[in-house]
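As structure tokens, the structure follows; a few thoughts come after it.
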Amino acid sequence: MPPMQRLDPKTTALLVIDIQERLVPAMEPAAVARLVKATDLLLEAARLLGVATLATEQYPKGLGATIDSLMGPLEQLRCERVSKTCFSAMETPEVGRFLAKLSPRAVIVVGMETHVCVFQTVRELAARGYEVHVPHDGVASRRDEDRRVGLELMQRAGGIVTTSETVVFDWLQRAEGDAFKALSKRMR
């Protein structure tokens with residue numbers, strides 16, 4: 001495995017997987033709160049630093065749209081929301097086109113469920129040669145055991161388990177400037 005490089009906002013994409021209205025109630029409230037806080041932080045950092053972002057929704061007719069608390073940040077980013085029925089987002093043509101257009105070196109993946117859609121997406125991204133970072137605070141499953149196993153499987157598949165703050169500070173690179181000031185306030 002090549003040495004890990006700094007995450008650069010210009011060569012990174014953010015992928016938000018299936019954080020949806022009817023899926024959230026099946027999760028533990030503390031896990032949802034952690035996931036939403038981490039995702040919101042990453043979305044704000046993406047907005048301030050120009051990180052290309054895409055969101056998916058698994059069968060929105062049955063599971064609903066992305067949760068309201070994340071819709072505002074996604075709209076500020078002018079982020080496209082892509083409907084899918086396959087578990088791996090990489091099986092959705094719009095996701096492939098998004099990544100092909102950007103050619104990012106690294107992809108940050110957050111969402112639910114950790115052991116299903118997030119894992120299958122990360123496995124496919126890693127197999128295609130992307131450096132994939134998964135903030136452990138940015139993923140959730142109905143059962144914590146499934147979340148834990150999903151994170152382990154992603155590591156075995158070549159994903160890098162990290163934290164949302166680690167990603168943001170890597171994107172920032174320096175403790176200076178307006179973006180640093182705005183984001184550091186959110187992380188206190």
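The values are calculated or read from the model by the stated rules, or taken from the named source; none is laboratory data. What you see is a predicted model; the values in this text were computed from it and never measured. Reconstructed Cβ throughout: ideal geometry from the backbone, glycine too, with neighbour counts over all protein chains shown.
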Task: Single condition residue 162 does not satisfy, out of (1) at pLDDT 95 or above; (2) touching a helix residue (DSSP H, G or I) at 6+ places or on another chain (Cβ under 6 Å) - done: (2)
Task: Subset of segment 130-183 that is touching a strand residue (DSSP E or B) at 6+ places or on another chain (Cβ under 9 Å) and basic (Lys, Arg) - its residue that is surrounded by the fewest Cβ atoms within 10 Å (Cβ to Cβ) - done: 142
Open item on the list: Here is a check on your reading of the model: is residue 118 of a type in the set (A, V, I, L, M, F, W, C), over 27 Å from residue 59 (Cα atoms) and buried (at least 16 other Cβ atoms within 10 Å of the Cβ)?
Closed with: no
TODO: Go through segment 42-86 and count every residue that is among the basic types (Lys, Arg) and loosely packed, with under 14 Cβ neighbours inside 10 Å.
DONE: 2
Task: Hits in segment 126-172 (condition: under 22 Å from residue 45 (Cβ atoms), in a helix (DSSP H, G or I) and touching a Gly at 6+ places or on another chain (Cβ under 8 Å)) - done: 138, 164
- [ ] Could you list, in sequence order, all residues of segment 67-104 that are more than 14 Å from residue 124 (Cα to Cα), in contact with a helix residue (DSSP H, G or I) (Cβ under 7 Å, 6 or more places away or on another chain) and among the β-branched types (Val, Ile, Thr)?
- [x] 67, 82
TODO: From (1) under 14 Å from residue 139 (Cβ atoms); (2) in contact (Cβ under 8 Å) with a residue 40 or more places away in the chain; (3) under 14 Å from the mean Cα position of the chain (by Cα), pick out the condition that doesn't hold for residue 36.
DONE: (2)
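Here is a yes/no grid of residues against (1) more than 21 Å from residue 114 (Cβ to Cβ); (2) modelled with pLDDT of 95 or more:
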site: 6; (1), (2): yes, no
site: 11; (1), (2): yes, yes
site: 16; (1), (2): no, yes
site: 29; (1), (2): no, yes
site: 32; (1), (2): no, yes
site: 35; (1), (2): no, yes
Open item on the list: Suppose we filter 42, 77 for residues that are in contact (Cβ under 8 Å) with a residue 40 or more places away in the chain and within 15 Å of the chain's Cα centre (by Cα); which single one remains?
Closed with: 42
Task: Every residue from segment 130-152 that is touching a residue at least 60 places away in the same chain (Cβ under 8 Å), out of contact with any Ser or Thr (no Cβ under 6 Å at 6 or more places or on another chain) and not aliphatic (A, V, I, L, M) - done: 131, 142, 144
Task: Selection count where residues are in a strand (DSSP E or B) and closer than 19 Å to residue 159 by Cα, scope segment 56-110 - done: 5
Open item on the list: Looking only at segment 1-37, filter to residues that are part of a helix (DSSP H, G or I) and among the β-branched types (Val, Ile, Thr); which one of those is nearest to residue 110 (Cα to Cα)?
Closed with: 36
Open item on the list: For the structure I just gave you, tell me whether residue 188 is among the basic types (Lys, Arg) and within 25 Å of residue 28 (Cα to Cα).
Closed with: yes
